[in-house]
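What follows is a single structure, written as structure tokens, with notes after it.
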Amino acid sequence: MVWSAPRGVAAPAPDDQQLRERRAVGNRLRALRRQRGLSQERLGELARMDRRTVGRLEHGTVAATIDQLTAVADALDTELRRLFDG
């Protein structure tokens, strides 16, 4: 289960390390998407998520869930670990 802040309470801000890791995963996701010649919109269709969500994942502005990352890896026909270690 993913932790979420109670209604009306802001979630804690990610620290610098978390932001770097999100951006690193996002950069690898973007590179794999481009290698396969896919737009964000097409990847979103294949992964069953909105194009804006794909963009947010690529930019590291949201914390991805394991379900989202698994869907993206499947849509890119790659192993999930490639999003983490290139």
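A short reminder: the numbers here are calculations on the coordinates, not readings from a lab. This is a predicted model, so every value here is computed, not measured. Every residue, glycine among them, receives a Cβ derived from its backbone with ideal geometry; neighbour counts consider all protein chains shown.
Would you please give the FRET efficiency between residue 34 and residue 70, computed as 1/(1 + (r/R0)^6) with r the Cβ-Cβ distance and R0 = 25 Å, to the nearest 0.05? All intermediate terms of the calculation are to be shown ahead of the outcome.
Numbers: r = 20 Å, r/R0 = 0.81.
Step by step, r from the Cβ atoms, then E = 0.80.
With a cut-off of 20 Å on the backbone N, the residues of the range 35-76 near the modelled label site 7 Å out from residue 21 along Cα-Cβ are 56-73. Residue ranges 49-61, 30-42, 66-78, 13-25 sort as 49-61, 66-78, 30-42, 13-25 when ordered by packing (mean number of other C-beta atoms within 10 Å per residue, highest first). Summary value for the range 14-86: 37 percent relative contact order, contacts being C-alpha pairs under 8 angstrom separated by 6+ residues. The list (i) 13.2, 41; (ii) 18.1, 60; (iii) 15.1, 55 gives values of Rg and Dmax of the Cα atoms in Å, and only one came from this structure; which label was calculated from it? Computed from the coordinates, Rg and Dmax of the Cα atoms in Å corresponds to (i).
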